[in-house]
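Colleague: Just passing along the structure, written as structure tokens.
The values are calculated or read from the model by the stated rules, or taken from the named source; none is laboratory data. None of these values were measured; they are calculated from a predicted model. As a convention, Cβ positions derive from the backbone with ideal geometry for all residues, glycine included, and neighbour counts pool all protein chains shown. Protein only, heavy atoms only, side chains kept; ligands, DNA and RNA dropped before computing areas. Shrake-Rupley method; radii C 1.70, N 1.55, O 1.52, S 1.80 Å.
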Amino acid sequence: MNDITQNSQSTKILIIGSGGREHAIGWKFAEDFKQKNETVELFFIPGNAGTAQIGTNISVNSVDEMKDFAKENLIDLTFVGPEIELAEGIVDIFQKENLAVFGPHKAAAQLEASKAFAKDFMDKYGVKTAKYKNFQGPMLAIEYLEKQDYPIVVKASGLAAGKGVIICQDFEEAKQAVLDIMEDKTFGDAGNEVVIEEYLEGFEASILSFFNGKKIVPFVSAKDHKKIGEGETGLNTGGMGVIAPNPLFTDEHFKMFEEEIMEPTKCGLIKEGLEFAGVIFFGLMITTKGVYLLEYNLRMGDPETQTTLPLLENDLFEVVNKAIKGEDFDLTFKKQHACCVVMVSGGYPGNYDKGFEIRGLENVTCPNFIAGAKVSGEEIVTSGGRVINVVGLGETLKDARTIAYENIQKIHFDYEYYRKDIGVIQ
């Protein structure tokens, strides 16, 4: 792990990624430095219309070019957002050049890049998770499915951009899922191996955390709303909104998570020699039998990042610096609630049109993070499915929801869509 050595005049931070997550990370750095009356220069590869407002967007393509940019521009810290660059080994490449970088090295990134690797790791170190079996060919997988109870979960093992998980109600559905993933390559090479997993009934929670190689320090819990339709109906998306803390996730649940998931994970990482300074995201399922781990992500969640960072009281640069040094730190959060509502392009997560002018951003009075938009002339126009994240903060969840929805109504673009029930607890 390489220490952060700051330049004398101003701190230079490079953030890899192009979404609302990266805009939020940059925003948090900028806010913290403003509080300290210190100067920070933010660079984003490739960034978006939102990051262009708080820093400089850089257009390079390869990880090697990113490394060269960091060296030539004397970058003090690189914070990696997306999973693809982590799986490609960007952290290893930067560390060889003595560049300070926050994220897991390639070996640890397998915990997200390979669901089969992750499940074997959980099993080996006693992390509480659903029963499972891995398969590298369709025929043995189908034979196994003939003897299982339903519903059951079939997962493509590799990175599938938040997709690749199919809940199957009966044997025929499960068989078809295996054939689609492994033979028809619905998710490309991510389907070279599948994980077949016991179906767990309950509610989900997300917990981000920072790891310094010795200790995992958790964030507040969060609740994601993944479906496109209100009432959690329709197709899965990358996330239509998040609230934090998760009102269903109790102190008792948190204790179970720490004892049965977080601590065994830490012990396993250390025993396997997978120590790093970076993020561990725990995707959880809470059932009548306790808290189970569904998956690891080895980077900040999206839109969980946009929701939780505005609650974080710590100086982000100082915390990351301590993590990279392997020093001890704690995290503190405001005693508030956050509600993030995502505006998307009509048709998302299917086909949608781009290039529509976004109007009214100047009227928004709460944190808002651009995800899928670019600068076109003097306009900001839509360029992706998830377009903007609007985050309300309040003393109660009701207050946070009210602020988020009051502000989202100030923003307009053609064919806009957002769910009206983010944060409504059934």
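A quick yes/no check of all residues on (1) open to solvent by 10 Å² or more (accessible area, probe 1.4 Å); (2) without any contact (Cβ under 8 Å) to a residue 40 or more places away in the chain:
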site: Gln35; (1), (2): yes, no
site: Phe43; (1), (2): yes, yes
site: Leu77; (1), (2): no, no
site: Asp92; (1), (2): yes, yes
site: Ala100; (1), (2): no, no
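Colleague: Okay, moving on. Please state which one of Ala205, Ala190 is of a type in the set (Gly, Ala, Ser), within 26 Å of Asp120 (Cβ to Cβ), open to solvent by less than 40 Å² (accessible area, probe 1.4 Å) and at pLDDT below 95.
Modeller: Answer to the check: Ala190.
Colleague: Six or more apart or on different chains, Cβ atoms under 7 Å: show the pairs whose first residue is in the range 323-344 and in contact (Cβ under 8 Å) with a residue 40 or more places away in the chain and whose second is in a strand (DSSP E or B) and polar (S, T, N, Q).
Modeller: Close Cβ pairs satisfying both conditions: Cys340/Asn389; Val342/Asn389.
Colleague: Here is a follow-up. Can you list the strands (runs of 3 or more DSSP E) found entirely within the range 342-426 that contain at least 1 residues being at pLDDT 95 or above, within 24 Å of Thr233 (Cα to Cα) and in contact with a strand residue (DSSP E or B) (Cβ under 8 Å, 6 or more places away or on another chain)?
Modeller: The qualifying strands (runs of 3 or more DSSP E) are 386-394.
Colleague: Identify the residue in the range 59-75 that is within 17 Å of Thr11 (Cα to Cα) and assigned to a loop (DSSP other than H, G, I, E, B) and, among all such residues, is least open to solvent (accessible area, probe 1.4 Å).
Modeller: That would be Ile75.
Colleague: Also: For residues that are out of contact with any Asp or Glu (no Cβ under 6 Å at 6 or more places or on another chain), open to solvent by 20 Å² or more (accessible area, probe 1.4 Å) and either modelled with pLDDT under 95 or more than 20 Å from Val91 (Cβ to Cβ) (or both), tally how many sit in the range 1-33.
Modeller: Residues meeting the conditions: 10.
Colleague: Any residue in the range 152-162 that is open to solvent by 90 Å² or more (accessible area, probe 1.4 Å) and out of contact with any helix residue (DSSP H, G or I) (no Cβ under 6 Å at 6 or more places or on another chain)?
Modeller: No - not one qualifying residue is present in the range 152-162.
Colleague: For Gly347, indicate whether it is on the phi > 0 side of the Ramachandran plot and open to solvent by less than 30 Å² (accessible area, probe 1.4 Å).
Modeller: So Gly347 does not fit the description; no.
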